[in-house]
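The values are calculated or read from the model by the stated rules, or taken from the named source; none is laboratory data. In this text, all values refer to a predicted model and were calculated from it rather than measured experimentally. As a convention, Cβ positions derive from the backbone with ideal geometry for all residues, glycine included, and neighbour counts pool all protein chains shown. Heads up: the accessible areas ignore ligands, DNA and RNA and are worked out on the full protein's heavy atoms, side chains in. Shrake-Rupley method; radii C 1.70, N 1.55, O 1.52, S 1.80 Å.
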Amino acid sequence: MSQLISLLQAAITFGTVIMFGALGEIVTEKSGNLNLGTPGIMYLGGIAALAGAFFYESGTESPNALVGILIATVCCVAASALGGLIYAFLTVTLRANQNVTGLTLTIFGSGVANFFGGSMNKLAGGVGQISVATTSGGFRATLPLAKLGTAGSILFNHGFLVYMAIALAVVLHLLLGRTRVGLNLRAVGESPATADATGINVTRYKYTATCVGSIITGLGGMFYVMDYIKGTWANDGAIESLGWLALALVIFAAWKPLNTIWGAYLFGVLYWLYYYIGGLTRYSQELFKMLPYVVTIVVLVITSMRKKQENLGPAALGQNYFREER
């Protein structure tokens, strides 16, 4: 039983990282923009949050957890929004290729993050010496309900960002499906020419969706740094791999925010399952880590065979809009 509880706890924490990334990408893709720069945005959000908390705690004798959380969040939001703005400017205004721009943004984000992460490691005295214990502790603070038996330890033994991710998925579900803003956004993603003809400002919606989606994605990077690895920095490429997994989750969830909740936790269980199975070699462990991607491919094949529009992405996804060709 203890192993099962530990697996579920690890799955929820792991799943929250990619849930933020997937939710942000869903918002972006609903506008027709395919942002393959999700890993780069997560890098920017994570390093900005860590840098803000690091310099705050380094310059304060008695740092406050709430202040540290606010500073880290503001830095994360600013850096992530900047990354989204760069992508939107290149693809919407300059009409650059979306795939190339997204991949370039991933390389840029990882390079910037690892540069500043390495610099902070040196300032702190070496790799693994970065200390933002106060801020990280604030992010990881659990609810009092965590003490209520097995159910409490599984459901409530997590930081506030876990519950924020779930609430955000519900809000996005309602926003995209039951509001005029959501309808207009989906119209832009399905047929920007038609949306433009009805008076919808296509450029504004694409910019807004991309920047808002990037902010949400950046929160995943902040959660990884502050909660998942407890307020430090590791140049091991883990954020990049999680960013690609978040993109896979978008397809697995069929572009539906609510599906990312159980999908993210399922990915977490599949990813960490090898750790709780004895007798596995290193190579077989790597095969187990592939399970989320294998499941995504199977789901993609099944949904493609059914050919249901509600299970497919926006019709204009990845296509730049040229108004003069309308």
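What to note about this one:
- Scan of the stretch 253-285 for residues that are touching a Gly at 6+ places or on another chain (Cβ under 8 Å) and outside any helix (DSSP H, G or I), ordered by number: A253, W255
- Whenever a residue of the stretch 266-288 is over 22 Å from Y228 (Cα atoms), its partners that are open to solvent by less than 60 Å² (accessible area, probe 1.4 Å) and of a type in the set (F, W, Y), lying with C-beta atoms within less than 6 angstrom and at least six residues away or across chains, give the pairs L280/Y274.
- Residue match in the stretch 211-226 (condition: farther than 17 Å from T28 by Cα, open to solvent by 70 Å² or more (accessible area, probe 1.4 Å) and part of a helix (DSSP H, G or I)): no
- Cβ separations smaller than 9 Å between residues 6+ apart or across chains give no pair from the stretch 170-188 residues that are outside any helix (DSSP H, G or I) to residues that are modelled with pLDDT of 95 or more and not small (G, A, S).
- Looking across the stretch 39-87, the residues that are farther than 23 Å from M19 by Cβ and hydrophobic (A, V, I, L, M, F, W, C) come down to A51, F54, F55, A65, L66, V67, I71, L85, I86.
- Within the stretch 104-131, being polar (S, T, N, Q), buried (at least 18 other Cβ atoms within 10 Å of the Cβ) and farther than 10 Å from Y43 by Cα holds for T104, N121.
- Scan of the stretch 57-74 for residues that are hydrophobic (A, V, I, L, M, F, W, C) and open to solvent by 40 Å² or more (accessible area, probe 1.4 Å), ordered by number: L66, V67, L70, I71, V74
- Matching residues in the stretch 191-210 - criterion: being open to solvent by 50 Å² or more (accessible area, probe 1.4 Å) and of a type in the set (A, V, I, L, M): A197
- Top-ranked residue in the stretch 138-159 [being surrounded by fewer than 17 Cβ atoms within 10 Å (Cβ to Cβ) and assigned to a helix (DSSP H, G or I); ranked as modelled with the highest pLDDT]: P144
- Given (1) assigned to a helix (DSSP H, G or I); (2) surrounded by 15 or more Cβ atoms within 10 Å (Cβ to Cβ); (3) touching a Leu at 6+ places or on another chain (Cβ under 8 Å), number of the condition T134 does not satisfy: (3)
- Restricting the stretch 293-311 to residues that are open to solvent by 60 Å² or more (accessible area, probe 1.4 Å) and either at pLDDT 75 or above or on the phi > 0 side of the Ramachandran plot (or both) leaves a set whose member that is nearest to the chain's Cα centre (by Cα) is Y293.
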